[in-house]
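A short reminder: the numbers here are calculations on the coordinates, not readings from a lab. No experiment lies behind these values; they were computed from the predicted model shown. We place every Cβ from the backbone using ideal geometry, glycine too, and count neighbours over all the protein chains shown.
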Amino acid sequence: MTPHTERVEPSTHVRGNGGPQSFHVMAKPVAAACNLACRYCYYLRRPGIGPSRRMSREVLETFVRDTLAAQADLPEVHFSWQGGEPMLAGLDFFREAFALQEQFRPAGVRVVNALQTNGTLLDAQWARFFAEHRFLVGISFDGPAQFHDPLRRDAEGRASHAKALRGLEAMQRLGVEFNTLTVVHHLNYRHGLGVYRFLRRIGARHMQFIPLVERFTRDGKMAAPWPADADASAAPWTAPPDGFGRFLCDVFDEWLAHDVGSVFVQLFEEHVAALANLPARICVFSPTCSSTPILEANGDLYSCDHYAYSPYRLGNILETPIGELVRSAPQREFGRRKLEPLPEDCKRCEFLAACCGGCPKHRFAAPRLDGGMRNYLCPSYRLFFAHTAPALARFAAAARDSDVVVNLASREPPLGDRNGVTSPIPRVLD
């Protein structure tokens, strides 16, 4: 769930993405604060993380005002509220955020708000607010309770699945637009069909699947994404390298047989775009990853959610306008470096145009003689792309030959979770 919209000129082998001078910031109004203590949450285990606090009025106003000013020439500006659990900021915080958006919104500019939640705090009052202001809400489900509850519990060890279901029902009663985000881990990667059928049964029509790929250092911290932690070992809840691909293939076969045009799966849409040589919609599969920084509650801006460490701090929005930070030379360099460390065999791979090397954070497997590091998920991506390409080729041909993507990419929820960065779902397959 995040749009990645920096303009990159497409080549014959990789794809560009997004729109001119646009960007998307994932804002964390309460930093790492959360009412759950999910075992696989990388945010809470990140070394050096400080105490959580709610974003001040000064930071909020500066964020809203400058984000809109920096994109005043665009028809649409997106705000994405992440956590931790962003709803802990309180309903009044989001009422204030919406009021500020209306105050500073340039004439003719449409504002889209998206919020990612674990769903356990959702009630009728929140649902009314989301419905009234047309928020796009992402809600996390790792499938049925037996796959969800062992890893997604609160600090007292209590399960969260039933509460999340009640929250979903509160939104459904009031017609709130939502999509589901599912983390694929060691418990559910063998059960793609069961997870997909569960999500379909509870009414999900837009789904995002995020692979859990985390590593531990010797002292039990989540490994930082740079070579100093190259000797870290995979976290126990990380699926095997081909596990995510096996999961997606199981989902794809069921979707293709029964749900084309009625259920939208983000990664299927992405592969159609790749086959049609259309722009990437998520940073993982884009040739650059510089247009989706994250904003901490204190106003600090970092290059990426997975790179929220001091070397990747761009500055503070109270000191430098956010547009300048997002478009700064260090951030452009951060994005440009994505393709440079690829091994030579990756550069020759038939699927490079689809994966663009994947997320740099996941490049820690099987070092090559040329010094490059293979993406841990390479076996999954190869399995998924090879399995789905024959069936999706006809959709890609239709997308190339018409304006179907433009016509159908209406409300695109940019959402995310603590295990990956996601994007709008471009409604291609209708």
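For segment 264-304, go through all pairs of different Cα atoms, get the mean of 1/r, take its inverse, and jot down that Kirkwood value in Å.
11.8
Dividing the alpha-carbon radius of gyration of segment 202-354 by 2.2 N^0.38 Å (N being the number of residues), what value is obtained?
Cα-based Rg divided by the globular estimate yields 1.23.
May I ask for the Rg/Rh ratio of segment 298-345, computed from Cα atoms with Rh as the Kirkwood radius, given to two decimals?
1.07
What relative contact order, as a whole-number percentage, does segment 302-380 give when Cα pairs under 8 Å and 6 or more residues apart are counted? Working shown, then result.
Numbers: 67 pairs, mean separation 16.8, N = 79.
Here the relative contact order equals 21 percent.
Can you run the Rg to Rh ratio on segment 300-377? Use alpha carbon positions and the Kirkwood inverse-distance Rh.
Across segment 300-377, the Cα-based Rg/Rh ratio is 1.07.
So how do 109-117, 312-320, 33-41, 344-352 stack up, highest first, on mean other-Cβ count within 10 Å? Show your work: numbers first, answer last.
Values: 109-117: 21.4, 312-320: 17.3, 33-41: 19.6, 344-352: 14.9.
Result, highest mean first: 109-117, 33-41, 312-320, 344-352.
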